[in-house]
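Novice: Following this message is one structure expressed as structure tokens.
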């Protein structure tokens, strides 16, 4: 059994009613984040560009939405998560709010700021180099301690929570042509696409993922989940080895297409957002801007485009090197 897709026992996608219910559940925990037009980016790209600023959540990332919706439904006092950082932070933060014990299993060299934020919640952190060994530790924790595993994306409650971001977009902006969403395991784009296609079916939903981590594109082409051997990117939140069976189903049904972004494009997008919009997203959060950097891609988006800025937990060392660099 693969922890990444099966430990949670997910079986079916959430409905619009599930998203509405999740919105009520998380109302006092997750913020209704701003959706703002950027005049500068709009002039630059010749479109109306709106930014959905999930980097303004209490933990600076959209993950709080799905994590709280899921953890609030769990009776067990023991929670475990496997994460590169943001999901673990969200589960740890929500576990603390709900007076539950949390163990977060991380890679050997995660972003230090994310580890520090997780530890601040009181969660236990375990660092393990190999992905398969992280999954095995999660299995052991579930079996030995009666813990409940909270999947980062392939879970109906997590997808429904993430989808509340899409509900807000429709509530905040009456007309738009497309929404661009960064893709890690696909939980965010799945939830947003369910909301958008249920309430505004004429709008298009696009994903963007690193060129060296094309797990959604590979899965959509193959018609099944594909596991990548060595996904890589500076956008650490966008490099799971695969999407889930639920998130693939949602994307096949609701997503018009998936763009690829090189690390250099992500860096360029990040610098544009810092300079033009005066926000500090992490690389994963900046990825949604990258399709606009290509004229061919940009034509498919229409004239009124929403970019989901999914997170802002940027490494200070990375930010320092980025701002000093003249070549990037």
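Novice: Within the range 281-293, does at least one residue satisfy the condition of being outside any helix (DSSP H, G or I), touching a residue at least 24 places away in the same chain (Cβ under 8 Å) and either assigned by TED's automatic domain parsing to the domain that holds residue 50 or under 24 Å from residue 167 (Cβ atoms) (or both)?
Specialist: Yes, because at least one residue in the range 281-293 is outside any helix (DSSP H, G or I), touching a residue at least 24 places away in the same chain (Cβ under 8 Å) and either assigned by TED's automatic domain parsing to the domain that holds residue 50 or under 24 Å from residue 167 (Cβ atoms) (or both).
Novice: Would it be correct to say that residue 179 is under 18 Å from residue 309 (Cβ atoms), in contact (Cβ under 8 Å) with a residue 12 or more places away in the chain, in contact with a helix residue (DSSP H, G or I) (Cβ under 8 Å, 6 or more places away or on another chain) and assigned by TED's automatic domain parsing to the domain that holds residue 266?
Specialist: Yes.
Novice: Here's a follow-up. With respect to the numbered conditions (1) without any contact (Cβ under 8 Å) to a residue 40 or more places away in the chain; (2) in contact with a strand residue (DSSP E or B) (Cβ under 7 Å, 6 or more places away or on another chain); (3) crowded, with 17+ Cβ neighbours inside 10 Å, which one is the sole condition not fulfilled by residue 93?
Specialist: Only one criterion in (1) without any contact (Cβ under 8 Å) to a residue 40 or more places away in the chain; (2) in contact with a strand residue (DSSP E or B) (Cβ under 7 Å, 6 or more places away or on another chain); (3) crowded, with 17+ Cβ neighbours inside 10 Å is unmet by residue 93, namely (2).
Novice: Looking at 161, 186, which is the one that is under 20 Å from the mean Cα position of the chain (by Cα) and under 22 Å from residue 241 (Cβ atoms)?
Specialist: Sole residue among the options that is under 20 Å from the mean Cα position of the chain (by Cα) and under 22 Å from residue 241 (Cβ atoms): 186.
Novice: Under 24 Å from residue 107 (Cβ atoms), modelled with pLDDT of 95 or more and more than 18 Å from the chain's Cα centre (by Cα): does that describe residue 264?
Specialist: Judged against the criteria, residue 264 is a match.
Novice: So if I check each of 277, 250, 300, 269, which one is within 19 Å of residue 46 (Cα to Cα), surrounded by 24 or more Cβ atoms within 10 Å (Cβ to Cβ) and touching a helix residue (DSSP H, G or I) at 6+ places or on another chain (Cβ under 9 Å)?
Specialist: Step by step, each of 277, 250, 300, 269 is checked, and only 269 is within 19 Å of residue 46 (Cα to Cα), surrounded by 24 or more Cβ atoms within 10 Å (Cβ to Cβ) and touching a helix residue (DSSP H, G or I) at 6+ places or on another chain (Cβ under 9 Å).
Novice: Would you check if there is a residue in the range 257-270 being in a loop (DSSP other than H, G, I, E, B) and either closer than 19 Å to residue 212 by Cβ or in contact with a strand residue (DSSP E or B) (Cβ under 8 Å, 6 or more places away or on another chain) (or both)?
Specialist: yes
Novice: What number of residues within the range 21-43 are in contact with a helix residue (DSSP H, G or I) (Cβ under 7 Å, 6 or more places away or on another chain), buried (at least 16 other Cβ atoms within 10 Å of the Cβ) and either in a helix (DSSP H, G or I) or free of Cβ contacts under 8 Å to residues at least 60 places away in the same chain (or both)?
Specialist: Of the residues in that region, 4 qualify.
Novice: Here is a further query. Of all the helices (runs of 4 or more DSSP H) wholly in the range 76-170, which have at least 1 residues that are closer than 28 Å to residue 53 by Cα?
Specialist: 86-97, 112-120
Novice: Here's another thing I want to ask about it. Only one of 322, 270, 248, 316 is closer than 30 Å to residue 113 by Cα and at pLDDT 95 or above. Can you tell me which?
Specialist: Among 322, 270, 248, 316, only 270 is closer than 30 Å to residue 113 by Cα and at pLDDT 95 or above.
The values are calculated or read from the model by the stated rules, or taken from the named source; none is laboratory data. Since this is a predicted model, take the numbers as computed values, not measurements. Please note: Cβ atoms are built from the backbone with ideal geometry, for glycine as well, and neighbour counts cover all protein chains shown.
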